[in-house]
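The values are calculated or read from the model by the stated rules, or taken from the named source; none is laboratory data. Here the structure is a predicted model, which is why all the values come from computation and not from measurement. A quick note on method: Cβ atoms are made from the backbone with ideal geometry, for glycine too, and the neighbour counts reach across all protein chains shown.
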Amino acid sequence: METTKYKRLSRERVGIPAQLPIKIVQYGEGNFLRAFVDYLVNKMNAEANFNAGVAVIQPLAGGMINILDEQDGLYNLFMKGVKQGKEIQETELISCIQKSYDPYIDYKAYLQLAKEEQLEFLISNTTEAGIAYNGEDKFQQYPHQSFPAKVTALLYERFKHFKGNPDKGLTIIPCELINHNADNLKKIILQYAKSWELEQNFVDWVNEHNSFHNTLVDRIVPGYPKDDIEQYQDQLEFEDTLIVSAEVFLLWVIEGDGKLKSRIPFNKIDENVLIVDDLQPYRTRKVRILNGAHTTMVPFSILFGNDTVKETVDHGFTGKFIKEAVFEEINPTLSLPPEELDSFAEEVFDRFRNPFIKHQLSSIALNSISKFKVRVLPSLLGFQQKFDRLPLRLTFAFACLIRFYDGKWKGESLPVKDDEATVSTLKKIWESHSYNEIAKNVLSKTEFWDSDLNEIPGLKQHIAYALELIDNKGIESGYEAFSEKFSSN
């Protein structure tokens, strides 16, 4: 008996029957896949006659398949954000999910999916830890625990049922946030095939008739809006316990060729999906621009007095500083076309300005030293190598990072979050009363930077002077003085 003021969302009530053929098996029922892949499938069904139904597999015991079943696979996606400076709010009823399976309850039913005549694609997001080998998974001991073992079992069932038909291989597109995700998944599948002593014909079929595509995914998905659920629910006719919220922006970069493009009509929808020969430049672009901007701004902006990312980019001084760091110092070091880099960076700043997402600077301060090494230092060094001078803003931000790890600022504690060894090393360095010594000692820590940064011409002098200015003049006046001294060099 329904007790809420709304009737529960169902296909009968909204008039959408479950009649799409199963073309996609999807490992994961969580917020990200439902706000990302299923949204795109839904859009291709509506605008490009993709006619693809999704079968969702619960990858872990104790998931949400039962809730999805209660709503016949339906849910509402709320997308909020900024595009080209304008606030956007959109709502979409997602209806592409046709079936769902819990392999921990009925593994045989899960394996029956292998016999779906029109099945073409396998998509996953089982977290970074999902693509891993578990030696305890044995061939005929169900249910298999690891995601790759489940995939191996499904592929083998399909291989047997269709007698190795070359046309029945799958296009496999994992979305886990690890580099070379598809290559790693394929490697583990073949490892299971070997340890389970499956026939060589199956191994050949996997290698020759299934395609594996590395990916890069990007979309902020806060998920179920529990703090504002009544506000969201009041916009709907039926009760939805699976509402998911996401930003407007999305990016999906997939390594593939013309064959993949012909199989999925991404080109017929207006979404940021790229099929490319090599995604590494795009991964570098994201790490250097989006993540690099975050890491550049955190100590600098906290010391200035800001609390959030949006506050940082909206402020006249800090916003200008970060934007110039990206467009004038980071982008010129990257290999993609300048107009493509600038367009991506503009989208990044739109995301930073999103009024619907409150991103605390302190929440992204974790492990700032290691983040700086991966996300910002390559841009700083690349700029110096390319132009034979140091980038002013990235160098000043480096000094802010070093100052941040002192742990105190204007009598208040700073939100330094790092491993104990890193924090204690930097605090000990700060016991020195010489900015030159502080700069020299930090830059010499090869365990932080993988090299002695004192060898970079002028870097120690720049950092030492910036530290002195930060302490004596503050962030804004300190940067102005720093810029006046070095901008003409």
Run down G130, G85 and say which single residue is surrounded by 19 or more Cβ atoms within 10 Å (Cβ to Cβ), assigned by TED's automatic domain parsing to the domain that holds R263 and either under 30 Å from S195 (Cβ atoms) or out of contact with any strand residue (DSSP E or B) (no Cβ under 6 Å at 6 or more places or on another chain) (or both).
G130
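Listed here are the residues, each with its yes/no results for (1) of a type in the set (F, W, Y); (2) over 20 Å from A466 (Cα atoms); (3) at pLDDT 95 or above.
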residue	(1), (2), (3)
N291	no, yes, no
F300	yes, no, yes
L303	no, no, yes
G316	no, yes, yes
G319	no, no, yes
I322	no, no, yes
F327	yes, yes, yes
D342	no, yes, yes
Take residues that are closer than 29 Å to L155 by Cβ and tell me which of the helices (runs of 4 or more DSSP H) falling wholly in region 189-268 contain 3 or more.
200-209, 258-263
For region 274-318, please list each of the helices (runs of 4 or more DSSP H) lying entirely inside it that holds at least 3 residues being touching a helix residue (DSSP H, G or I) at 6+ places or on another chain (Cβ under 7 Å) and surrounded by 16 or more Cβ atoms within 10 Å (Cβ to Cβ).
292-304, 309-314
How about region 233-249: which of its residues are under 17 Å from R353 (Cβ atoms) and surrounded by fewer than 20 Cβ atoms within 10 Å (Cβ to Cβ)?
F249
Test set (1) modelled with pLDDT of 95 or more; (2) closer than 16 Å to I173 by Cβ - I243 fails condition number
(2)
Can you list the helices (runs of 4 or more DSSP H) lying wholly within region 401-489 that have 3 or more residues being in contact with a Phe, Trp or Tyr (Cβ under 8 Å, 6 or more places away or on another chain)?
420-429, 435-443, 459-473, 475-486
Test: residue in region 399-411 that is in contact (Cβ under 8 Å) with a residue 12 or more places away in the chain, farther than 24 Å from G474 by Cα and surrounded by fewer than 18 Cβ atoms within 10 Å (Cβ to Cβ):
no
Taking the conditions exactly as written (assigned to a helix (DSSP H, G or I), under 22 Å from the mean Cα position of the chain (by Cα) and of a type in the set (F, W, Y)), does F383 satisfy them or not?
no
Could we say that L93 is within 28 Å of S262 (Cα to Cα), surrounded by fewer than 20 Cβ atoms within 10 Å (Cβ to Cβ), at pLDDT 95 or above and within 27 Å of the chain's Cα centre (by Cα) here?
yes
Take N207 and decide whether it is assigned by TED's automatic domain parsing to the domain that holds E116, under 27 Å from V273 (Cα atoms) and free of Cβ contacts under 8 Å to residues at least 40 places away in the same chain.
yes
Elements of type strands (runs of 3 or more DSSP E) contained in region 94-178, each with 2 or more residues being within 21 Å of I67 (Cα to Cα) and hydroxyl-bearing (S, T, Y):
97-101
Can we say A345 is over 23 Å from A246 (Cβ atoms) and touching a residue at least 40 places away in the same chain (Cβ under 8 Å)?
no
From the list L185, L177, L190, L198, which residue is modelled with pLDDT under 95 and not polar (S, T, N, Q)?
L177
Any chance region 387-394 includes a residue that's among the hydrophobic types (A, V, I, L, M, F, W, C) and under 22 Å from E447 (Cα atoms)?
yes
Out of K80, K43, K86, sole residue that is free of Cβ contacts under 8 Å to residues at least 60 places away in the same chain and not β-branched (V, I, T)
K86
Checked K445, K427, K373 against criteria (closer than 25 Å to I289 by Cβ and touching a residue at least 12 places away in the same chain (Cβ under 8 Å)); the one match is K373
